[in-house]
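The values are calculated or read from the model by the stated rules, or taken from the named source; none is laboratory data. This one's a predicted model, so the numbers in the text were calculated from it and none came from an experiment. We place every Cβ from the backbone using ideal geometry, glycine too, and count neighbours over all the protein chains shown. Just the protein is used for accessible areas: all its heavy atoms, side chains included, with ligands, DNA and RNA removed. Shrake-Rupley method; radii C 1.70, N 1.55, O 1.52, S 1.80 Å.
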Amino acid sequence: MDEKKGQILERIHSPADLKGLDGNDLVALSDELRQYIIDVVSRYGGHFAASLGVVELTVALHHVLNTPYDQLVWDVGHQAYGHKILTGRREQFHTNRVLGGISGFPKRSESEYDAFGVGHSSTSISAALGMAVASHYKGETDRQHVAVIGDGAMTAGLAFEALNHAGIEKSNLLVILNDNCMSIDPNVGALKEYLTGITTSKPWNRFREDLAHVLTKISEKGPDALGIMKTLERSIKSTFLDSTSNLFEALNFRYFGPVDGHDVKRLAKVLEDLRSIPGPKLLHCITVKGKGYALAEKDQTTWHAPGLFDKITGEIKKSKSDKPVAPKYQDVFGHTLVELAETNEKIMGITPAMPSGSSMNIMMKAMPDSAFDVGIAEQHAVTFSAGLATQGMVPFCNIYSSFMQRAYDQVIHDVALQKLNVVFCLDRAGLAGADGPTHHGAYDLAYMRCIPNLIVSAPMNEEELRNLMYTAQLEDMGPFVIRYPRGQGVMPDWRRPFKSIPIGKGRQVFEGEDVAILTIGHIGNEAVKACVQLNEEGIYPALYDLRFVKPLDEELLHGVFGKFKKIITVEDGCIQGGMGSAVLEFMADNQYQAHVTRLGIPDTIIEHGEQAELWGICGYDASAIKEQVLQLSVGRKTGALAV
Ligand SMILES: Cc1ncc(C[n+]2csc(CCOP(=O)(O)OP(=O)(O)O)c2C)c(N)n1
């Protein structure tokens, strides 16, 4: 940065440093902050377009609010990079999402300015309301509680549950609706159309803004004035507007806006005005996702999280994993679904707001009548799928493993109890990588395998994924879970003819002696690598791919426990209650005795980092598996070395 540029941002060490800035300073700071985010994210990666869209809002909020006393809650938190930079983390910002570095999302243990830990969407209004009610209870009437939520996140039921509750509380809550018409992909649904409708009603909006300003001024004159203000407001509204015509006002919120979310001076003014208005309020802010970086403004989905790029040319750099060695599992899912749907017209695709992330967009493009983006609404996605299944459809409901946690009751109550033919494809299962603990798909094997009527499977490679998908759509399969990880598989030539897979049947990958390794899913490829290396040292463990944790392949397990006394289980999922636990239960139920070592995600929160780094830290990458086998085969190893 040249001498002039960066001179305000460099002086900001905490929000207190924004207090004395005038309007022009706020404009300059916004420009600097935007350039700083572009510069660092282009070189170190992370979410991008969302943070650019809220630069002015972030600056205005930290100028006006008295954080951390005032509570500022970001929804999802992928847009909070500016907030991190202004709240003392500018120097660490280049470590964002890297192992040992700062988190890509607000996190309470990271900063007192991160009022609430986030990553999953639509929690902000509930959390901020809880804070507001607590402050009200404690008599802290001067305290502000602000939830910043995107129009995408607003599509979730949880957000509406919170609005519904907040409307009858007297607490001091400001919801800022950051409306950019985008989720990761274009936002969907009737709410989006409604918001567009109010945004475009210019005369009424101008009148409403003026009214808000006048009312604020009156309310500052004290409690009596506040009463007068409310009466006046009610009377004006009942004269000019049916209160039910504004969704938020119908829910007892005072609605303000829409305002231009890139006019930082005006935003600061409006936020200052709103401080003195008590009760639940909603400020509707219009922003452009990717604002200030032309390519991102034009293609907001690609620039949601583009990876590394050249900030001058905009060229997105190919990561190592983009080499055409093998496709991503998500793409195998997307293409296979279309292939299957071409011959089975009952197949439908459902995604809760992840068309690009899950590759459901392939079916949405090829068969628009058969594939649905239902918004950020995992619970609805599952029950909607259940409804489709009652009518003989075969819904493939694709939900990231960690987001499926939201819809657990729907899986049990709406699908499993009624034994409906819904296929759940859980993407990003296992350790998800740089997104960190909120996004790790750590628990699905454990939380699915205890539900009656479910089939729970995990493919070890692309061909297995295709065959499991093929099997799952066959007649009367009942609810069928297929979980697979983020990233690439191992087979460049994955388009092979479909074969059905016998339910609950695993397979032997390597014959061996002394030690048996049992794996489930893609992580089995780490065990393959370990075995290949061990073979070179004269050690030959047997390797089995269980494929299913429910039903378990009991025949295979009887064979394993009959032959081996040293067994290692490997899974990219939590150790407690997962596949290894299932194997131990089998051992106990059948009175076998063996030494079983369970490798998987330990009973602790695993932070962010690269996926393979995290497998190593948790002790189940190839070298850790090899090490375990060596420890169990001490006699042979010593003998081999002696030669
Ligand atoms: C429960 C849940 N489902 C899905 C996601 C994935 N996700 C992250 S950001 C995002 C879009 C959010 O859109 P919006 O709130 O409008 O924010 P914007 O990115 O447009 O600023 C989605 C779907 C998530 N974080 N949490």
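Observations, loosely collected:
- Cβ-based charge dipole, the chain, positive-most Cα from GLY82, MET393, MET491: GLY82
- Each of THR67, ALA429, ASN461 was placed along the dipole of the chain (beta-carbon charges, centred on the mean Cα), and the one lying farthest toward the positive end is THR67.
- 0 to 90° range, to nearest 10: angle between helix 579-589 axis and the chain longest Cα axis: 50 degrees
- Overall form of segment 437-494 per C-alpha gyration tensor (a/c, 1.5; a/b vs b/c): oblate
- Percent accessible area from carbon and sulfur atoms, the chain, protein chains only, probe 1.4 Å: 54 percent
- Think of the chain as a dipole: +1 on every Lys or Arg Cβ, -1 on every Asp or Glu Cβ, centred on the Cα centre; then among HIS380, ASN590, ILE451, HIS380 lies furthest on the positive end.
- Nearest 10 degrees, 0 to 90: helix 157-166 Cα axis against the chain principal axis: 40 degrees
- Residue by residue, segment 34-51 carries 3J(HN,Hα) couplings of 4, 5, 5, 5, 4, 4, 6, 5, 4, 8, 10, x, x, 6, 10, 4, 5, 5 Hz when phi is fed to the Karplus relation 6.51 cos²θ - 1.76 cosθ + 1.60 (θ = phi - 60°); x denotes Gly or Pro.
- Principal-axis analysis of the Cα atoms of the chain puts helix 329-343 at an angle of about 80° to the longest axis.
- Charge dipole of segment 423-535 (Cα centre as origin; +1 on each Lys and Arg Cβ, -1 on each Asp and Glu Cβ, all else neutral): 180 debye, rounded to the nearest 20.
- Rounded to the nearest 10 Å², the accessible area of ARG547 at probe 1.4 Å: 30 Å²
- Rolling a 1.4 Å probe across the protein heavy atoms gives the chain an accessible surface of 40 Å² per residue.
- Positive contributions from Lys and Arg (+1) and negative ones from Asp and Glu (-1), summed over other residues with Cβ under 15 Å from the Cβ of LYS505, come out at -1.
- Of LYS289/LYS318; LYS138/LYS192; LYS19/LYS107, pairs whose Cα-Cα distance is over 26 Å: LYS138/LYS192
- Antiparallel bridges, percent of DSSP beta bridges restricted to the chain (to nearest 5): 15 percent
- Point-charge dipole on Cβ atoms (K/R +1, D/E -1) for segment 481-591, about Cα centre, debye to 20: 500 debye
- Think of each Lys and Arg Cβ as +1 and each Asp and Glu Cβ as -1; about the Cα centre, that makes the dipole of segment 1-132 roughly 380 debye.
- Within the chain, longest stretch free of exposed GluC sites (Glu not before Pro) [DSSP loop, at most 10 other beta carbons within 10 Å]: 92-474
- Gyration tensor verdict on the chain (Cα atoms; rounded if a/c is under 1.5, prolate if a/b is larger than b/c, oblate otherwise): prolate
- Loop-located trypsin sites (Lys or Arg not before Pro) in segment 448-540 whose Cβ has at most 14 other Cβ within 10 Å (DSSP): ARG495, LYS499, LYS505
- Gyration tensor (alpha-carbon) shape descriptor, segment 323-363, a/c threshold 1.5: oblate
- Computed accessible area, VAL288, all protein chains, 1.4 angstrom probe, square angstrom: 50 Å²
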